[in-house]
1. Of the residues Ile190, Ile219, Ile209, Ile228, which single one is of a type in the set (A, V, I, L, M, F, W, C) and open to solvent by 40 Å² or more (accessible area, probe 1.4 Å)?
2. Just to check your reading of the model, which residue among Ile150, Ile163, Ile210, Ile201 is hydrophobic (A, V, I, L, M, F, W, C) and part of a helix (DSSP H, G or I)?
3. Scan (1) open to solvent by less than 10 Å² (accessible area, probe 1.4 Å); (2) farther than 21 Å from Gly43 by Cα for the single condition Gln195 breaks and write down its number.
4. What residue, among those in segment 121-146 that are open to solvent by less than 60 Å² (accessible area, probe 1.4 Å) and not in a strand (DSSP E or B), is nearest to Ser198 (Cα to Cα)?
5. Do any residues in segment 184-200 that are over 17 Å from Gly229 (Cα atoms) have Cβ atoms under 6 Å from those of residues that are of a type in the set (A, V, I, L, M, F, W, C) and surrounded by 13 or more Cβ atoms within 10 Å (Cβ to Cβ), where the two are at least six apart or on different chains, and which pairs are they?
Amino acid sequence: MRLNVQFSLNSLILPLNYNHIIQAFILDLIDNAEYRNFIHNEGFSYNKRKYKLFSFSRLSGKFSLNQKDKTIEFSDNVSLKISSHDKNLIQYCADSLLFKDDFELLGQKIHVEKLEYDDLEIKSDKIKVKTLSPITIYSTIVQNSSKKTIYFSPSEDQFSKLIKENLIKKYLAYYDSYLSKKISNDEFVIKEADQKGSKMIITKYKNFIIKGWHGVFEIQGNPSLLKIGYDSGFGAKNSQGFGLVEVI
């Protein structure tokens with residue numbers, strides 16, 4: 001389930017890497033302290049791994065870049081998509097956005113102009129999507145007594161393999177139930193649909209560099225896994241603003 005929110009504004013200036021600002025804004029929308037703490041600090045768990053099961057898009061609207069100051073300035077209005085497989089999160093966010101018109105981002109006023117729900121039902125085992133925030137997937141290895149993160153591109157076999165494994169873990173974390181052999185054994189492939197390929201995006205989240213890919217993808221898999229990917233984001237680091245897609 002997701003929310004499509006449009007804000008009006010005079011001017012909004014943010015750092016080029018603003019994912020952490022939007023993440024904090026979303027968490028602040030949750031007025032239930034117990035649930036907010038659960039999402040922020042715990043999440044849904046499976047085998048010691050924790051999944052927040054929400055993601056969000058990049059801000060969309062007219063903008064100009066200031067490379068010298070490393071800022072982006074939006075004018076007139078911006079839109080934001082907030083998505084989660086847990087409807088509670090969407091409901092808390094919607095309640096805050098409905099009952100309070102004006103908010104602030106870095107001390108700058110934004111006004112809620114429009115709010116829409118979207119709960120796409122996925123019945124097919126094949127979908128074509130475009131990214132609203134980059135898809136990232138990686139492995140962490142130990143090299144010379146230190147950890148090293150290896151990011152995989154869509155052209156590598158590990159890209160599909162690890163995204164499928166990630167979706168299965170999210171499913172088990174949320175439903176806390178046995179996953180049928182059909183779901184786990186169904187073929188899963190995510191590949192670039194555009195001959196030009198996807199574009200690698202390098203994002204700095206706080207002090208970490210994250211590599212992700214923007215583009216158009218064709219995804220084949222069990223509808224149950226496609227649904228949790230659509231709602232929560234495909235790949236890793238979804239709650240940091242990665243992996244949100246739109247079906248086209």
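The values are calculated or read from the model by the stated rules, or taken from the named source; none is laboratory data. These figures come from a predicted structure and were not determined experimentally. Glycine also receives a Cβ, built like all others from the backbone with ideal geometry; neighbour counts cover every protein chain displayed. Calculation scope for accessible area: heavy atoms of the full protein, side chains included, ligands and nucleic acids excluded. Shrake-Rupley method; radii C 1.70, N 1.55, O 1.52, S 1.80 Å.
1. Ile209
2. Ile163
3. In the conditions (1) open to solvent by less than 10 Å² (accessible area, probe 1.4 Å); (2) farther than 21 Å from Gly43 by Cα, Gln195 misses (1) alone.
4. Only one residue tops the list, namely Pro134.
5. Ala193/Val216; Ala193/Phe217; Asp194/Val216; Ser198/Trp213; Met200/Trp213
Rundown of residues vs (1) within 17 Å of Gln240 (Cβ to Cβ); (2) not aliphatic (A, V, I, L, M), yes/no style:
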site: Ile141; (1), (2): no, no
site: Ser153; (1), (2): no, yes
site: Asp157; (1), (2): no, yes
site: Lys164; (1), (2): no, yes
site: Ser177; (1), (2): no, yes
site: Asp186; (1), (2): no, yes
site: Ile190; (1), (2): no, no
site: Tyr205; (1), (2): yes, yes
